[in-house]
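The values are calculated or read from the model by the stated rules, or taken from the named source; none is laboratory data. The structure presented is a predicted model; accordingly, all values stated were derived computationally and were not measured. Here the Cβ positions follow ideal geometry from the backbone for every residue, glycine too, while neighbour counts run over all protein chains shown.
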Amino acid sequence: MRKYLILCLIGVFMSLSPALKAGHYDGFKVSVYITANDVNKMTNSKWLDSVWTEISSRLKVDKVYIESHRDGRYTSEAALLAAKKFFTSKKVEFGGGITYTPESHSGRWETFCYTTPEGRAEVKKIAEYTAKHFDEILLDDFFFNSCKCEHCTAAKGTKSWTEFRLELMRDAAKNLVVDPAHAANPKCKVLIKYPNWYEHFPALGFDLEIEPGIFDGVWSGTESRSPNADQHLQAYLSYEIIRYLDNVSNGKNGGGWIDSGGMTYADRFAEQAWMTLFGKAPECTIFEFGGLQRPIGENVKGAWQGTGTSFEWSKLDAKPTLASIASVAFEEVNKVYSKLGKPVGIKSYKPANSVGDDNLQNFLGMIGLPIEMTPTFPSDAEVVLLTEQAAYDKFIVDKIRKQLKAGKEVIVTTNLVKKIQKELDDIVELRIGDEKGLINDFSYFGKSKEKMIIPQVLYYTNDAWEDIPAHDKGVQGWPFLLQARYENGSLWVLTIPDSFADLYELPEGVLNRLRSVAGADVPIRIEGPVNVSLFAYDNNTFIVESFLDKPVKVKVVINDPTKQITDMINGDKITPEAAPAQPRGFPFFMRNNIWLRDAKTTQTFEVEIKPHSFRAFKQS
């Protein structure tokens, strides 16, 4: 009997443990980063209890990160102990945090100097101090090097700044941070948060090739903010950086990190949270504790509010704060998160520490191409998308050739072709110089409202074929999408406008063709305008999100036989449209030496998406 009771108790505990582990939400955690300035106030128990009551009454928080250092100032040991005791009493998980910034004398963010004995000793001291108090440490995204003092310029020598800083920060990561922290506390895990500006990492010493193996885990900066802010980041970044860093770290990406910077409307903050979790981040961290009390006014209420959008202003409390917005956002995504499988998308190869075609994949995500960036060449993919970044791989043309010989498709951007065009001659002879075209006419695929500047792609007639033409006054023209057959496969050249923003001017006909050509590995695609994104998963679920200010109708095209799709939030069931008559003429494409119509057996579903909203569906 006693043995039976013990087994029963174990069974009850095991049945409860997943729920306990998940915290307040179904499958993900919400955490808050607390800067040293606020932690130092936490010796005042009345202040702390008052602030926490205000925040926690609005937002369910599973975990906090308690910072020990920022801007040359340490958090006092008394404050660290008081914070740990308080959050323990509230049954809130906690870890430590470090921002490796010295006191600034220029009014701008500065990094430590990692070449002087004094600077190196201080970095190590901070790691040891923090590890003595915490079993987990999350580094804010300033663990890079921008110092150009006389010591750094002398140490750099004849190396480039990129080469010098990558070597310097690899050494600092292991010998000044991770190893000292482990020595001070063998149970301590050190996590590095990589910023949102991943395209420029190598030049400042963030090393995605070696560092993820040094640290115990990584975090992703998913603060996409507003595209007209100084970093000019697209909303899709909040999803894509989660996917890329998860692939870079072999699944050690612990979460994403959002903030309210550039929040011109409340939905923008909610979108960052949703996109982070659409990427299947297991945790979403909000920066920062003090900001959650920030009052929210009508000035950030979108004109589309009151129309049934995913973020509903009416769900906020009478005197809303940032915590109120976060709560509404997380409760909405909580309805679907656990039902989503593993993200899938068009494989795009970005070698670790490569640069080129800055953030292009995020622009492509905003025009409806679901992208899955990977640091290794995806030889198993039916279609591989290669941007200028791929030129970092000196064997890239050999890898392209191998894919084509296997009867697969490779899409290359014009900027990549310019880098490798001599080596590419064995596959197709193309020339892209400095000459430009001014176009807005894509023939039967439609016209753009504005003219755009594109590079002129020169090819030999009947050796390659224009799939999407681009015309200037109907007289002169160049390919916007070019196809060149090689053995059993096809190389596609995608023309990228000089300004990536012109991708948002493309007519729907062009967009739909691009989505069709690129989507062989994704059994679902959308047809419709720009600023609508698709997120697909391996369990027949998918999400369509609109970043437009007005409602939009989108067609969802599914390759597999599907009787209906079901909205996972409201339960609506949508049946497929009647099959349209087969179009004549274009579009065509070449595969296996035979002209084929792009006419797979598909079913089409029309869905309406509210402004700045998402809908999640399950196929059945």
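Of all residues in segment 207-235, those that are in contact with a Ser or Thr (Cβ under 8 Å, 6 or more places away or on another chain) and of a type in the set (D, E, K, R) total 1.
Which one of these is within 30 Å of residue 400 (Cα to Cα) and modelled with pLDDT under 95: 501, 484, 536, 520? Spell out the reasoning first.
Values: 501 fails: modelled with pLDDT under 95; 484 fails: modelled with pLDDT under 95; 536 fails: modelled with pLDDT under 95.
Criteria check complete, one pass: 520.
Checked across segment 166-185, the condition of being in contact with a helix residue (DSSP H, G or I) (Cβ under 8 Å, 6 or more places away or on another chain), closer than 29 Å to residue 64 by Cα and not in a helix (DSSP H, G or I) holds for at least one residue.
Looking only at segment 90-100, which residues are part of a loop (DSSP other than H, G, I, E, B) and touching a Lys or Arg at 6+ places or on another chain (Cβ under 6 Å)? Break it down into steps so the answer makes sense when it comes.
Taking segment 90-100 as the starting set, the residues that turn out to be part of a loop (DSSP other than H, G, I, E, B) are 90-92, 99-100.
Selection gives 99 alone.
Scanning segment 270-306 for residues that are of a type in the set (S, T, N, Q) and within 24 Å of residue 36 (Cα to Cα) gives 285, 293.
Contact annotation: residue pairs with Cβ atoms under 6 Å, 6 or more positions apart or on different chains, pairing a residue in segment 544-559 that is modelled with pLDDT of 95 or more and outside any strand (DSSP E or B) with a partner that is surrounded by 22 or more Cβ atoms within 10 Å (Cβ to Cβ) and among the aliphatic types (A, V, I, L, M), are 547/235. Checking the structure you have, find out if any residue of segment 91-111 is at positive phi and among the charged types (D, E, K, R). Scanning segment 91-111 turns up at least one residue that is at positive phi and among the charged types (D, E, K, R). Counting the residues of segment 192-207 that are in contact with a Lys or Arg (Cβ under 9 Å, 6 or more places away or on another chain) and farther than 15 Å from residue 358 by Cα gives 4.
Condition (residue is hydrophobic (A, V, I, L, M, F, W, C), in a loop (DSSP other than H, G, I, E, B) and touching a Lys or Arg at 6+ places or on another chain (Cβ under 7 Å)) applied to segment 135-145: is it met by at least one residue? If you could, list the steps in order and put the result at the bottom.
Within segment 135-145, the first condition is being hydrophobic (A, V, I, L, M, F, W, C), and the residues that meet it are 137-139, 142-144.
With the extra rule that they be in a loop (DSSP other than H, G, I, E, B), the set shrinks to 142-144.
Still in the list and also touching a Lys or Arg at 6+ places or on another chain (Cβ under 7 Å): none.
No, the conditions are met nowhere in segment 135-145.
For the criterion of being over 15 Å from the mean Cα position of the chain (by Cα), at pLDDT 95 or above and among the acidic types (Asp, Glu), residue 288 passes.
Checked against the criterion of being part of a helix (DSSP H, G or I) and either free of Cβ contacts under 8 Å to residues at least 24 places away in the same chain or of a type outside the set (A, V, I, L, M, F, W, C) (or both), the candidates 271, 223, 209 yield just one match: 271.
Is there a residue being within 28 Å of the chain's Cα centre (by Cα) and buried (at least 16 other Cβ atoms within 10 Å of the Cβ) anywhere in segment 149-160? Working first, answer last.
Taking segment 149-160 first, the residues within 28 Å of the chain's Cα centre (by Cα) are none.
No, every residue in segment 149-160 fails to be within 28 Å of the chain's Cα centre (by Cα) and buried (at least 16 other Cβ atoms within 10 Å of the Cβ).
Within segment 344-372, the only residue that satisfies the criterion of being among the small types (Gly, Ala, Ser) and in a strand (DSSP E or B) is 348.
What are the residues in segment 120-140 that are among the charged types (D, E, K, R) and buried (at least 21 other Cβ atoms within 10 Å of the Cβ), if any?
Here is the first cut: in segment 120-140, the ones among the charged types (D, E, K, R) are 120, 122, 124-125, 128, 132, 135-136, 140.
Correct list: 136, 140.
Scanning segment 91-115 for residues that are farther than 28 Å from residue 170 by Cβ and surrounded by 13 or more Cβ atoms within 10 Å (Cβ to Cβ) yields 92, 93, 94.
Of all residues in segment 464-483, those satisfying the criterion of being surrounded by fewer than 22 Cβ atoms within 10 Å (Cβ to Cβ) and under 20 Å from residue 435 (Cβ atoms) are 466, 469, 471, 472, 473, 474, 475, 476, 477. Scanning segment 234-253 turns up no residue that is more than 26 Å from residue 95 (Cβ to Cβ), modelled with pLDDT under 95 and not in a strand (DSSP E or B).
Could you check residue 267 against (1) crowded, with 23+ Cβ neighbours inside 10 Å; (2) touching an Asp or Glu at 6+ places or on another chain (Cβ under 9 Å) and say which number it fails? Looking at each condition in turn, residue 267 falls short on (2). Within segment 523-533, the set of residues being of a type in the set (Val, Ile, Thr) and modelled with pLDDT under 95 is empty. Exactly one residue among 604, 566 is farther than 29 Å from residue 442 by Cα, of a type in the set (S, T, N, Q), at pLDDT 95 or above and part of a strand (DSSP E or B), and that residue is 566. Filter segment 373-429 for residues that are part of a helix (DSSP H, G or I) and without any contact (Cβ under 8 Å) to a residue 12 or more places away in the chain; which is surrounded by the fewest Cβ atoms within 10 Å (Cβ to Cβ)? The selected residue is 422. Of all residue pairs spaced 6 or more apart or on separate chains, those with beta-carbon atoms under 7 Å, a first member in segment 434-461 that is more than 17 Å from residue 500 (Cβ to Cβ) and a second member that is part of a strand (DSSP E or B) and among the small types (Gly, Ala, Ser) are 442/470; 456/437. Scanning segment 186-203 for residues that are surrounded by fewer than 20 Cβ atoms within 10 Å (Cβ to Cβ), out of contact with any helix residue (DSSP H, G or I) (no Cβ under 6 Å at 6 or more places or on another chain) and assigned to a helix (DSSP H, G or I) returns a single hit, 200.
May I ask you to verify whether residue 348 is over 29 Å from residue 34 (Cβ atoms) and free of Cβ contacts under 8 Å to residues at least 12 places away in the same chain?
no
Residues that are of a type in the set (S, T, N, Q), within 23 Å of residue 281 (Cβ to Cβ) and not assigned by TED's automatic domain parsing to the domain that holds residue 387 do not occur anywhere in segment 172-184.
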